[in-house]
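Below is one structure, written out as C-alpha cells; the observations come after it.
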Amino acid sequence: MNVGRIAVGVIVLTAALGGAFLWYTAERAFYAPVAFQPGAEIRLVPLVSDQPEAIVVEGVEGIDASSSPIKFRACFTTPLSLAMLTETYRGYEGAEPLVAPSSFDCFDAEAIGRALETGEALAFLSEPEIHPGVDRVVAVFADGRAFAWHQLNDSYKD
C-alpha cells in the first residue's frame, strides 16, 4: 500500500515539475525587451516601393526571443489615420496575431484578431521576410493604438 502511494506521489511531483517547466519556457524563458532605434521603431511597406519606411510612433514597447522568429510582439501608438495609412502603405491579407506571454499584457491577440475581422483595425505589411518565411505585420486601430507581430507567410502555408 505504501509503495503505491509513493509511486503516485512521484508521478504527481514529476507532472507538477514538468508543468512548471513548460509554463516557464512558454511564458518567461527566452523573452527579452526589444531595443528600438529612435526614428526606425516601426516600418511599413509603401504602395509605391518594396523598401519599408519608418512611420511616426510613440510609446513603443516590445519583446522578442532568439529561440523562434515568431516570438516578436510590440505595442505602440501612432498619430497616423487609417485613411492615410491605407492610401500610403500595403495592406496585409490573412493577418493572424499570435498570443503573447501573459507578462506582456498590452498585447491581446484575441481582441486584435476580432478587430481585424470586424474592420475595427487594419493590418499592414511591415517587414516582408524579416526571417525566411516570416513577415512582420502591424495592426492599427482608428484611435491610434497599434500592434506588431511576426507571422508565417505564404511560403510556409499550403
In the neighborhood of Glu58, defined by Cβ-to-Cβ distances under 14 Å, what is the net charge if each Lys or Arg adds +1 and each Asp or Glu adds -1?
-2
Where does the chain land at 222 nm, in deg cm²/dmol rounded to the nearest 500, when only DSSP H runs of n ≥ 4 count, each adding -39500 (n - 2.57), divided by all residues?
-9000 deg cm²/dmol
Taking N as its residue count, the alpha carbon Rg of the chain over 2.2 N^0.38 Å:
1.31
Once both axes come from the Cα atoms, what is the angle between helix 2-27 and the longest principal axis of the chain, in degrees from 0 to 90, rounded to 10?
10 degrees
Given charges at beta-carbon only (K, R positive; D, E negative), |dipole| of region 31-156 in Debye
160 debye
Work out the FRET efficiency for Leu17 and Ser66 from their Cβ-Cβ distance, taking R0 = 25 Å, and round it to the nearest 0.05.
0.45
Local net charge near Leu116, Cβ-Cβ under 14 Å (Lys/Arg +1, Asp/Glu -1)
-4
Order these peptides, 43-51, 72-80, by their mean beta-carbon neighbour count within 10 angstrom, highest first.
72-80, 43-51
Given a Förster distance of 35 Å, report the FRET efficiency between Val99 and Asn2 from their Cβ-Cβ distance, rounded to the nearest 0.05.
0.20
With contacts defined as alpha carbon pairs under 8 Å and 6 or more residues apart, what's the relative contact order of the chain in percent?
20 percent
Given 6-18, 82-94, the highest-first ranking by average Cβ count within 10 Å works out to 82-94, 6-18
Theoretical gain in end-to-end length, Ala54 to Thr118 [0.36 nm per residue, Cα-Cα removed]
20.3 nm
To the nearest 10 degrees, the tilt of helix 109-118 (Cα long axis) against the first principal axis of the alpha carbons of the chain is 40 degrees
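The numbers here are math on the coordinates, done by the rules we state, and not lab data. These numbers were taken from a predicted model, which means no experiment stands behind them. Every residue, glycine as well, gets a Cβ built from its backbone with ideal geometry; the counts of neighbours run over all protein chains shown.
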